[in-house]
1. At Ile62 and Val14, where each label point lies 7 Å from the Cα along Cα→Cβ, what is the point-to-point distance in nanometres?
2. Using the crude model of +1 on Lys and Arg Cβ and -1 on Asp and Glu Cβ, and no other charge, please compute the dipole size for the chain relative to its Cα centre, in debye to 20.
3. At 222 nm, what helix-only mean residue ellipticity would the chain give, in deg cm²/dmol to the nearest 500, using -39500 (n - 2.57) for each DSSP H run of four or more?
4. Convex hull over the alpha-carbon atoms of the chain: what's its volume per residue in Å³?
Amino acid sequence: MPAKTLIERFLSCVRPALEEQGDWEEVSSLLAATLAGGNGANRQRRAFARRQRLKDVVDLLIAETSAE
């Protein structure tokens, strides 16, 4: 079973509790972003694949974790 299908089934089970706690909007938004852009490992692999440079991966990590 594809991961996306499994996640959607899980969310359908926990959505009422998330809505009750006021967390549904945040969880669904974060999940949509992850499904669209991939997880951290996917983003790191793409950064490395562009120029085969570990520095690009480090730059990505800094950009994603630095406070603005």
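Quick note: the coordinates plus some simple rules give every number you see, no bench work behind them. Source: prediction; values computed, not measured. Heads up, the Cβs are rebuilt from the backbone with ideal geometry, glycines too, and the neighbour counts pull from every protein chain shown.
1. Between Ile62 and Val14, the simple spin-label model gives 3.4 nm.
2. That gives the chain a dipole magnitude of about 740 debye.
3. So the helix-based figure for the chain works out to -27000 deg cm²/dmol.
4. Cα-based convex hull of the chain, divided per residue, equals 100 Å³.
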